[in-house]
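Participant: Okay, handing you the structure first.
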Amino acid sequence: MDKSVLDGYVHAKELYAKHGIDVDAVLEKLAQIKISIHCWQGDDVQGFLFRDKSLSGGIAVTGSYPGRASTPSELRQDLDQALSLIPGKHKINLHAIYADTEEQVELNELEPKHFERWVEWAKEQGLGLDFNPTCFSHPKADDGFTLSHSDESVRKFWIEHGIASRKIGEYFGKELGQPCVTNFWLPDGYKDTPVDRLAPRQRLQASLDEIFAAPVDSRYNIDAVESKLFGIGSESYVVGSHEFYLGYAIKNGKALCLDSGHFHPTEVISNKISSVLMYVDQLLLHVSRPVRWDSDHVVTMDDELLDIARELVRGDFLGRTHIGLDFFDGSINHVAAWVIGTRNTIKALLRAMLEPIDQLREAELNKDYTTRLALFEELKSYPYGAVWDYYCATAGVPVREAWLDQVKSYEQDVLLKRV
């Protein structure tokens with residue numbers, strides 16, 4: 001280890017110790033946190049089941065940066081490269097369209113066998129897997145409706161897909177020894193103002209009830225439901241609103257997914273975490289960076305990311321929260337996007353853990369708001385970066401921006417040689 005990194009860490013430990021913070025213990029706890037890294041950043045949400053199908057259902061990727069993965073093996077190769085630059089052991093989040101199979105198989109016919117290669121790879125790498133039904137970019141979703149469709153035969157197709165997805169999630173959990181979070185998001189909604197807002201929600205409720213009635217072992221599969229405010233083609237009305245899924249999750253004991261980009265541009269999910277976790281047992285986060293709308297930009301170290309991390313740490317919610325990433329930027333190197341977003345998310349959690357929470361809370365309870373504000377502001381310039389550098393060095397990954405050289409070399413040696 002570089003002496004300057006070690007010296008910086010020793011100095012930082014001394015400063016944080018004055019506030020009663022055991023930095024070594026913080027790093028041990030940080031190493032236990034798994035970030036679910038989304039596979040779809042690596043290939044611009046194309047998947048491998050329907051390669052000739054363009055994106056639809058409110059999904060849009062901008063940019064044409066060269067070298068995106070076009071096969072499962074290429075995607076795993078790119079993920080290997082990204083993971084080698086990120087400290088800790090994590091999870092990979094798959095969508096149903098990322099099945100690794102030579103069969104021509106429909107979404108409602110997917111089985112665990114179609115993901116065996118993913119499981120073999122995850123075992124080799126010591127990773128977990130999460131899963132998502134793919135309710136978009138399909139002929140049976142082209143009119144903007146899936147599980148809330150007015151046509152019973154269409155609903156049946158998507159119900160079967162949902163049941164199949166949960167069984168795949170259960171398979172992941174059993175094989176890998178850690179639960180798989182299977183998250184349900186769908187684009188259902190109207191571009192213009194509807195007459196009947198209730199009926200589609202009643203159909204969605206009935207469809208979800210049928211999907212979740214299928215027996216799946218909750219030790220291996222965790223069901224989650226994800227809301228959205230609006231999307232392309234559903235600007236005026238989304239069936240699966242926040243209120244719908246919050247009520248459904250509470251009533252049915254499901255995990256609730258909060259996506260950073262799925263609310264009004266002036267809303268933040270950090271302010272919702274403590275309220276939601278009063279009433280649901282588990283929370284799934286899709287950490288992204290919306291710019292004016294749900295545009296899924298690469299996660300940066302902004303105020304909202306820090307506030308999300310602080311809420312999780314201050315409320316002692318990490319044990320009940322599953323943290324996943326959800327962005328797809330086709331304008332920059334696909335591997336670099338993973339590395340930047342994941343390292344920032346872990347770094348934000350570290351910064352939150354390095355706060356003297358008890359001291360700040362005591363000042364607040366004593367109505368000593370002067371001390372609360374003064375400490376909070378001074379802590380912003382404490383040397384958390386030195387702690388992060390040491391954490392990366394001990395994890396065997398590059399310190400600071402040194403990872404970029406490896407990504408650039410990988411781009412020249414691998415990505416730019418792809419057809």
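Nothing in this text is a laboratory measurement; each read-out follows from the coordinates by a stated rule. As the structure is a prediction and not an experimental result, all values here were calculated from the model. A quick note on method: Cβ atoms are made from the backbone with ideal geometry, for glycine too, and the neighbour counts reach across all protein chains shown.
Participant: For the chain, with a Gaussian network of springs between Cα atoms less than 10 Å apart, report the residue from VAL299, VAL276, VAL335 with the top mean-square fluctuation.
Facilitator: Maximum among the listed residues: VAL276.
Participant: OK, next. How much length is gained if the chain between ALA214 and ARG314 is pulled fully straight, taking 0.36 nm per residue apart and subtracting their Cα-Cα distance, in nm to one decimal?
Facilitator: Full-extension gain reported as 32.3 nm.
Participant: Can you work out ³J(HN,Hα) from phi for every residue in region 351-358, in order, using Karplus 6.51 cos²θ - 1.76 cosθ + 1.60 and θ = phi - 60°, giving whole Hz and x for Gly and Pro?
Facilitator: In residue order, the calculated couplings are 4, 5, 6, 8, 8, x, 4, 4 Hz.
Participant: With N residues in the chain, what two-decimal value do you get for its Cα radius of gyration over 2.2 N^0.38 Å? Display every interim value, and only then the final one.
Facilitator: On the way: Rg = 21.7 Å, N = 419, 2.2 N^0.38 = 21.8 Å.
That ratio works out to 1.00.
Participant: Now for a different question. Let me have the 222 nm mean residue ellipticity of the chain computed from DSSP H runs of 4+ only, each contributing -39500 (n - 2.57), with the sum over all residues rounded to the nearest 500.
Facilitator: Numbers: 14 runs with 177 residues, N = 419.
Helix-only estimate at 222 nm: -13500 deg cm²/dmol.
Participant: Of all the C-alpha pairs in region 8-112, what % are more than 22 Å from each other?
Facilitator: Here the long-distance tail beyond 22 Å is 50 percent of all Cα pairs in region 8-112.
Participant: Along each principal axis of its Cα atoms, how long is region 189-316 end to end? Whole angstroms, biggest number first, please.
Facilitator: 40, 40, 22
Participant: While we're here: Can you work out the base-10 log of I(q)/I(0) for region 137-187 at q = 0.19 1/Å, using the Debye formula on its C-alpha atoms alone?
Facilitator: Here log10 of I(q) over I(0) equals -0.66.
Participant: Pull up all non-local amide H partners of THR321: gap of 5 or more, or a different chain, and H-to-H distance under 5 Å with H placed in the peptide plane.
Facilitator: Close amide H contacts, sequence-distant or interchain: LEU283.
Participant: Using alpha carbon centroids, what distance separates region 201-223 and region 79-100, in Å?
Facilitator: 26 Å
Participant: So, one more: Pick from ARG166, ARG289, ARG314: which is most flexible by mean-square fluctuation in a GNM of the chain where alpha carbon atoms under 10 Å apart are linked?
Facilitator: Taking springs between Cα atoms under 10 Å, the residue moving most is ARG314.
Participant: Here's another thing I want to ask about it. Going by C-beta contacts inside 10 Å, put CYS392, CYS180 in order with the fewest on the left.
Facilitator: If I rank by nearby Cβ atoms, fewest first, I get CYS392, CYS180.
Participant: Could you pull out every residue, at least 5 positions away or on a different chain, whose amide H is within less than 5 Å of the one on GLU267? Hs are placed 1.01 Å off N in the peptide plane, and Pro or chain starts have none.
Facilitator: For GLU267, whose amide H was placed from the backbone, there are no distant partners under 5 Å.
Participant: Tell me, rounded to the nearest percent, the portion of alpha carbon pairs in region 1-65 spaced more than 21 Å apart. Don't skip to the answer; put the middle values down first.
Facilitator: Working: 1176 of 2080 pairs.
The answer is 57 percent, as a whole percent.
Participant: Using modelled amide H (1.01 Å from N, peptide plane; none on Pro or chain starts), what sits under 5 Å from the amide H of GLY189, excluding residues fewer than 5 places away?
Facilitator: Hits under the 5 Å cutoff: VAL239.
Participant: Next question. Full-extension gain between LYS3 and GLN202, please, as 0.36 nm times their residue separation minus the C-alpha to C-alpha distance.
Facilitator: Gain in length upon complete extension: 65.3 nm.
Participant: Continuing with this model, one more query. List the lysines whose Cα lies under 23 Å from the Cα of LYS34, skipping any in the same chain that are fewer than 8 positions away.
Facilitator: Once the sequence-local lysines are set aside, what remains near LYS34 is LYS89, LYS91, LYS123, LYS167, LYS174, LYS254, LYS272, LYS347.
Participant: Distances longer than 17 Å among the Cα atoms of region 319-419: what percent of all pairs is that? Can you show the working numbers first?
Facilitator: On the way: 3349 of 5050 pairs.
For region 319-419, the fraction of Cα-Cα distances above 17 Å is 66 percent.
Participant: A further question on this structure: Work out, step by step, the length gained on full extension between ALA395 and ALA60: first 0.36 nm times the residue separation, then minus their alpha carbon distance; give nm to one decimal.
Facilitator: Extending this stretch completely gives an extra 117.1 nm.
Participant: Less than 9 Å Cβ to Cβ from ARG310, Lys/Arg counted +1 and Asp/Glu -1: what total charge do the surrounding residues give?
Facilitator: Its environment carries a net charge of -1.
Participant: ASN271 versus LYS29, label points 7 Å from Cα toward the beta carbon: distance in nm?
Facilitator: 2.7 nm
Participant: Moving on to the next point. In square nanometres, what is one fourth of the surface area of the convex hull spanned by the alpha carbons of region 259-368?
Facilitator: 7.6 nm²
Participant: Go through region 153-159 residue by residue and turn each phi into a ³J(HN,Hα) via Karplus (6.51, -1.76, 1.60, θ = phi - 60°); whole Hz please, and just put x for glycine and proline.
Facilitator: 5, 5, 4, 4, 4, 6, 5
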